[in-house]
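Heads up: the structure comes next, in structure tokens.
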Amino acid sequence: MASDVNRDYPPGWNPLACSDTPMLPNTLLMAKLSVLILLADGFWRQLQGPFVPTPGIFPTIPEHAALTAAIHLVFFGLAACILFNRSVRPASASLGAFIILLQTASMTAFRGPDFLCGSLLLLAGLQGPRDEPVLIRWQVVLVHAVAAIEATRANDWGGTWVANRWIPEDFSNPVLLLVEMILPTGWFGTIASGFVVLAELGLVVAFLQPRFRKYAIWGGLILHTGIYAATGTTETAAFTAGLFVSYLSFLNWPKESVCALWPRSCGWPMWLRIALDRYDFDGRIDWPLPPDPNAELEVSYGNRHRTDARALRDLLLLFPAFYFCLFVFAAINQCVWPVAVSVTLNGTVAFGLLWFFSVSSFSGIRSRWRNRFSESRY
Amino acid sequence: MAGIVFLVLQGLLLGYSRFQEKPFAHFSTVGGYTSYRMFVTLDGRSLDPSQISERYKIPHRGRTSLTPDGLHAVIRGFETDEGNSDNIQVRLHTKYNAGSEEIWLWPQM
């Protein structure tokens, strides 16, 4: 039986549950997914010497077994605390600070995706108990602003697609290579960097306006899925995952439980309802018997009331296990298959989900427009 | 408050890095990387790839988000500390993005 989110239970040990801690469920979900990204990206493998300090005035610290073991112990200990819901705020802030410190202190440990995950963890921990993740929203704005500034290096953008092909394991997208060959020298870099600068700046402006935030999230999802599909490297995959995780800060996570009416003939498969019931580890969804067996699927929480595809969309968006499943699927694909296969599989799923969510999100707008046209016709 | 200070510092760090010739810190995953190959001889005998990666904890060739300076520091750091009694010669070929290939030698003349 689901109950109010503000209930006063001690947090359980289930790593897939995100309620009953001083963090809001979406903030804790973000922290857990950031930890999983760091683990899947093999961040712990980089936590070994030599540690090359970024400011050149400090001496390099060579590899030392005891130092490496101590760093691993701290990293895995704090990661376990977050995953198993133990003292999540201090653990998240300490792990984030630890990662940022390592990243800035040692050039060998610096990687964009890991830095992003570290700062998400730090900000999630610094946010007050049960506060909306405002700091992480600012982090999202900052990431896009920095990406726009970085993309002004047009030479880097042009060169990377074709550079260094003397390394056999280097992956270059054949379609982009062809486009770069057809265009006059230097044009591809200028066009690609110009487009990304404008797109990222547009996203910064849209994220700052609450009215346009929904479109900013759509734009960000499409743009970065596209960049991932174009490059397909593990680093891009990890960064894209980290960025999408940070978008969870904009989700309006309901403070009360969700009530779902799922009639047998509503058109959505029954196994999905059973799965949603079984894997609701937070016990947040109520499943009362629907009064009308032929009605549409209905979901209500707070003052919101959704039906059909939009109802299913909300159920999935507010369901932590859904994100864990997506993450495991994407990470296994990225690690197991060659780049071309993993990009195709992950890209298909990403665009498929975007399509489903767009159909369900914008169906209201479509029908409003349809009504407007039909009204004007008569 | 600490969060805001951290965000400002982060913006300054990444903004400063972008205007370096070879940025050492960036979010962008298509922005900057170094491709490199390394040849090492110890007492006149050349080391095989596994011996090189065991010595420096990085593969003997590949692609890294370290700048060429970072790679030099990895080798210099090991050789001036742990391996300073060895008769070692390192030749490192690096190429930053689409730039031209540069060769770096250790010990430095």
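Extension gain, A:L251 to A:Y215: 0.36 nm times the residue separation minus the Cα-Cα distance gives 11.6 nm.
Note on B:K95: aspartates and glutamates with a C-alpha under 15 Å away, same-chain residues under 8 apart excluded, are A:D156, A:D170, B:E21, B:D69. For a straight C-alpha distance cut-off of 18 angstrom, no lysines are reachable from A:K255 once same-chain residues fewer than eight places away are disregarded. Considering only A:R310, A:R153, A:R278, the Gaussian network model of chain A with Cα springs below 10 Å gives its largest mean-square fluctuation to A:R278.
Can you give the accessible area buried between chains B and A, summed over both chains, with a 1.4 Å probe, in Å² to the nearest 100? Show your work: numbers first, answer last.
Values: alone 7510 and 19580 Å², together 23040 Å².
Chains B and A together bury approximately 4000 Å².
Qualifying chymotrypsin sites (Phe, Trp or Tyr not before Pro) in the stretch B:1-54, where qualification requires a DSSP coil assignment and no more than 13 other C-beta atoms within 10 Å, comprise B:F19.
Gain in length, A:A105 to A:L198, computed as 0.36 nm per residue apart minus the alpha-carbon separation, to one decimal in nm?
On the way: separation 93, 0.36 × 93 = 33.48 nm, distance 3.24 nm.
Fully extending the segment from A:A105 to A:L198 adds 30.2 nm.
Modelled spin-label separation between A:A80 and A:F351, with each label point placed 7 Å from Cα along the Cα-to-Cβ direction: 4.3 nm.
Extending 7 Å from the Cα toward the beta-carbon at both B:S46 and B:Q108 defines two label points whose distance is 2.6 nm.
Extents of the stretch B:1-87, largest first, come to 56, 27, 21 Å (Cα atoms, principal axes, whole angstrom). A 1.4 Å probe, protein heavy atoms only, puts the accessible area of B:D48 near 70 Å². From the alpha carbon centroid of the stretch A:249-303 to that of the stretch B:31-109 is 58 Å.
Using C-alpha pairs under 8 Å with a sequence gap of at least 6, the mean separation divided by the residue count of chain B gives a relative contact order of 27 percent.
Taken over the alpha carbons of the protein assembly as shown as equal point scatterers, the Debye sum produces base-10 log I(q)/I(0) values at 0.06 Å⁻¹ of -0.32. Stretched out straight at 0.36 nm per residue, the stretch from B:Q20 to B:H93 would grow longer than its current Cα-Cα span by 24.2 nm.
Could you grab the relative contact order for chain A? Cα pairs under 8 Å, six or more apart, rounded to a whole percent.
Working: 474 pairs, mean separation 68.6, N = 378.
About 18 percent, as a whole number.
Does anything in the stretch B:74-96 have its amide N under 15 Å from the 7 Å Cα→Cβ label point of B:F39, and if so which residues? What the label zone holds, given the 15 Å backbone N cut-off, is B:89-94.
The values are calculated or read from the model by the stated rules, or taken from the named source; none is laboratory data. Model, not experiment: these values are computed from the prediction. FYI the Cβ positions are ideal-geometry reconstructions off the backbone, even for glycines, and counts take in every protein chain you see. When the accessible area is computed, the model is the full protein with side chains, heavy atoms only, and any ligands, DNA or RNA have been set aside. Shrake-Rupley method; radii C 1.70, N 1.55, O 1.52, S 1.80 Å.
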